[in-house]
1. Can you pull out the residues in segment B:326-350 that are farther than 19 Å from residue B:363 by Cα, more than 14 Å from chain A (Cβ to nearest Cβ) and either modelled with pLDDT of 95 or more or crowded, with 23+ Cβ neighbours inside 10 Å (or both)?
2. Out of segment B:355-373, which residues are free of Cβ contacts under 8 Å to residues at least 40 places away in the same chain, part of a strand (DSSP E or B) and surrounded by 18 or more Cβ atoms within 10 Å (Cβ to Cβ)?
3. Can you tell me how many residues in segment B:1-23 are in contact with a helix residue (DSSP H, G or I) (Cβ under 9 Å, 6 or more places away or on another chain) and surrounded by fewer than 16 Cβ atoms within 10 Å (Cβ to Cβ)?
4. So, in segment A:42-79, how many residues would count as being without any contact (Cβ under 8 Å) to a residue 60 or more places away in the chain, within 14 Å of another protein chain (Cβ to nearest Cβ) and over 24 Å from residue A:172 (Cβ atoms)?
5. Across segment B:198-224, what is the total count of residues that are surrounded by fewer than 19 Cβ atoms within 10 Å (Cβ to Cβ), in contact with a helix residue (DSSP H, G or I) (Cβ under 7 Å, 6 or more places away or on another chain) and within 16 Å of residue B:38 (Cα to Cα)?
6. Select from segment B:102-137 the residues that are within 14 Å of chain A (Cβ to nearest Cβ) and over 24 Å from residue B:396 (Cα atoms) and write down the one among them that is modelled with the highest pLDDT.
7. Suppose we keep only residues that are in a loop (DSSP other than H, G, I, E, B) and either closer than 26 Å to residue A:59 by Cα or at pLDDT below 90 (or both) within segment A:236-260. Which one would you say is farthest from the chain's Cα centre (by Cα)?
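The values are calculated or read from the model by the stated rules, or taken from the named source; none is laboratory data. Treat the numbers as computed from the prediction; the structure is a model and nothing was measured. A quick note on method: Cβ atoms are made from the backbone with ideal geometry, for glycine too, and the neighbour counts reach across all protein chains shown.
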C-alpha cells in the first residue's frame, strides 16, 4: 500500500515519539504554543491513544508572550488534561530583562536559552521534544532528529552521530540529554495542510483580525500591552494583520493579511514570497545567528 | 486558486526521498540550489540573504551563488565546502521531495551511507569535463550496498563542453561498464547543466540530440514503492501501552503485510499465540491495518510481550539467531577490532555482541576483496557477528528495517558503524551447553573456598607479576587452591601465535579471560597478570564472571618509575625503536576508572601490597 506524503510524515513522527518514551527515563515535550507545537502535541496524543500521553509538557515563558498565547495554552492543557510545567527565569525577572530594554540577543539568551537549561536541570529531563523543522533555517537542515546535547546542553554540529534508517542511537551518559525533533521532515505547507485536515486548534493570532500595530524598522509590531514604548514618530494603527510565526511579541513581526481561516492561510502561503522566519528578528542579529544560538543550547 | 482541487492534488502527492552524490566540485550544491530555486521553494528574503553572503563568500562573481543557499553551517560558508548531511525540501505538481545532501570528500563516506539509508533514489553527479572518478565508483557501490535501487546518472556541466554529445556518450558507456557489477532496478542518464538549468526542470534547447525526460520528470516517474503487503504480517513491538487505564495494547510500526481483527498472531520470543482484538490507527479504530502504519493492537488474551519482541503471522519467514553474517560500514576514527565488544542496535533492541570474523574488506574503487585484520574509518567489510543473545531479523535485501543495525561504542555511546544482515549462521544451535552434575558450587564446597578471578592490570614493569607471585604464596600457605596465569608465560604456549598489534592484544586477552573463567569454574582462585591495556577487553573479561567474582587490581606505577626499574630492558629497546607497539610508549594504556583495588607501588614493598589484597579478600568474605 502506498501512503501519501502526509500519512508517511504522520507515521514517521509517531514512531519517533514512541521511541523516545520507550528508551528514555524522563522525557518532556517543549510546548511553545505555536502551530508546530500544536501539531506535535496532536501526534503525541495519537501515539498513545487511548491512554494519556506519558510525559509532561514544558513551557518556557519569557513573560513576553502574546496574551492570547497564554490563554490558548491554558485552555488546551485543561481540555486534554495535560501535565504542564511553566518555567520562568526568575533571576531574569528580578533584573527586569526584556527585549526592549536589553535587545533581542540578551533577552533571548537569558529568558529563553538560559531559562530552558534551568528547567531541564531542575527536573532532570533526559529527553526533550521540540517542534523545529529542517526547512525553517539552514543550520536546522543539518541537525539530527535525535540531537545529542552534552552536560551543558551544548550542540556540537561537527560531531553529530550519524543517523541511519530509523535506528536512532538513544544511548547517553549521566547528565547528558537529547533533543528530539519529530517534525524534522515536515515543511510549513505540510504543517498547515495537516492542521486543516485534522482540524487542530491553533492560537487565533494566526488568523487575520484588526489589531493595534506600530511600524518599526519596516516590521509591524503588535501592541499587546503597555510595556511597548511608543516613540514620538510612531503611531498606533489598527490594521488587518496576522502572524506566520509566534514568539515574544516585540520580536515577532506581523504581516498584513486578510486570511481569516486555514484555507485562506494556505492560499496566502503558496502565493507568498517570504519565508516564515523572516518575522523573527532573532535570526538575523548576526551572520550564522541561529547556529550560534543552537550551539549554546537554544532550540 | 481552486482550494478543493489544491487539496485533492496535495493528497495525491507521493513522497520521494532522494540522495545527491558526487565528487568535490561536481556541482551538487548548485544542483540542489537549482532544484529549490526552480521549484520556487526559496523565498525572497532567503535570496537576499544569499546575495549578501555571495558577495562575501561567493564563487560566481557578481552572480548569486546557488551553493550558498545550501551550505548551512558557518564553517562551510567560509571554507566553501559541505561538511555534513543536510536535508532539503521542495515540491512539484506530482511529488514532495526530500533531498539528502551529502558531501563528496573521501573522508565523508559515512555521511553518504547515512543519506543513502533513508533514500529511494540516488542521483550520481558526474562532472562531464572530468568523467568517471574514483568517487563515482565509491558512490555507486554504496548506493547499491544500501539498497538504493533507482539511480539517475546526471552528467553535469555540459555547458562547459558546448553540449557535446560525444562526451556524454562516452560517460554513459563507461558507467554501463562500471555498473555491470550491480543490480539497480532502474538507471537513467541525463545530460544537464545545473548552473544554467538545462534539463533540470525544463528541457534544454541546446541538446536536441537528447530526447528523453528532464531530471524532474525522470524522478517523478520512478515507481519506488516496493510493497510487502502480500508478505506475512510482522510488527516489532515498540512500546507496550498500558499506562493508567484498563487498556493494554502493543504499539509499533508494521514492517510487512496486513492484519485484520480476529487474525491469529504469534509472539516470536515465546511462540505464544493470540487473536487481534482492537486495531488503533492514527485515524482511530479500524478493522484492518497494513505495512508502514504506526498502530496499537490489543489482543484477546493476556500474554507476555515486551519491547524487543516481534509479532507475526508466519514464524517461518522470520530468522532467529545469535550469529549472522553482514556487511558493515565503519564510521569512526577508532579502528574496529574483531572480538571487541560493541552494542548492536536493532529495530527495537540493544544487544551486546562482537565481530568474530572479518572475512574481507572491500576496496570500493576497484571492488576487490582484501584480507584485513581491523577496520578503519570509512572501510566497508563483510564479517560474521556473534551476539550475546539471539534476535529476530530478515536479510537486508528482503526488509531493510528488520535487516539493518547500527554499532555503538559501549563506553562513549558514539555510533561507530552500521550494518546490513546477509544471512544467519546456525552454528550455535549445533553446539549445546551441557550442564554437568558436578558444578562450581560443589567444587567450591570440596575445596572450602570461594573461587574468584584476581585480575592484575598495569604497565610493563609495574610489579604485577611480583605482587601476584607473593600473593599466591600467601594463599598457598592458607591452603587455598590457586593458579597464576602470567602474560609472558601464556605467550610461550597458548598465545604464541599472537603479536603485539591492537588486534592481537584483543585476542590475547580474550583467550586468557576464557581460560581464567574455566579455572574459576574449576573452583580455583585464579590470579591473572596481564598488562591488559584496553578498558574494552577488561570489561569483556569482567562480563564473563558473576558480580563479586571478578576483582580488578590496578597496579598503579608511573611510567617513569617502570622505565627506571625496566627489569627486562624492554623500555630501553622500545625507546630506541627496536621494539614496536610497546604499551606506554607507542601503544595506549587506558587507566582503569573504577578498579576494586588500586595499588600505589612507589612507597610500598610488594609484601605490603600483597597484604592489601589479602585484606580486601578477607573483608569481602572470599577467604
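1. Correct list: B:340 only.
2. Within segment B:355-373, B:355, B:358, B:361 qualify.
3. Qualifying residue count, segment B:1-23: 5.
4. Final tally of qualifying residues: 6.
5. Here the count works out to 1.
6. Within segment B:102-137, the subset within 14 Å of chain A (Cβ to nearest Cβ) is B:102-103, B:105, B:107-120.
Among the residues that remain, those that are also over 24 Å from residue B:396 (Cα atoms) are: B:103, B:105, B:107.
Values: B:103: 69, B:105: 64, B:107: 57.
Checking each candidate, the answer is B:103.
7. We begin by selecting, within segment A:236-260, every residue in a loop (DSSP other than H, G, I, E, B); these are A:236, A:243-247, A:257-260.
Now drop any that are not either closer than 26 Å to residue A:59 by Cα or at pLDDT below 90 (or both), which leaves A:243-247.
Numbers: A:243: 14, A:244: 12, A:245: 9, A:246: 8, A:247: 8 Å.
Only one residue tops the list, namely A:243.
Every residue, every condition in (1) more than 8 Å from chain B (Cβ to nearest Cβ); (2) surrounded by fewer than 20 Cβ atoms within 10 Å (Cβ to Cβ), yes or no:
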{"site": "A:155", "(1), (2)": "yes, no"}
{"site": "A:164", "(1), (2)": "no, no"}
{"site": "A:189", "(1), (2)": "no, yes"}
{"site": "A:195", "(1), (2)": "yes, no"}
{"site": "A:198", "(1), (2)": "yes, yes"}
{"site": "A:206", "(1), (2)": "yes, no"}
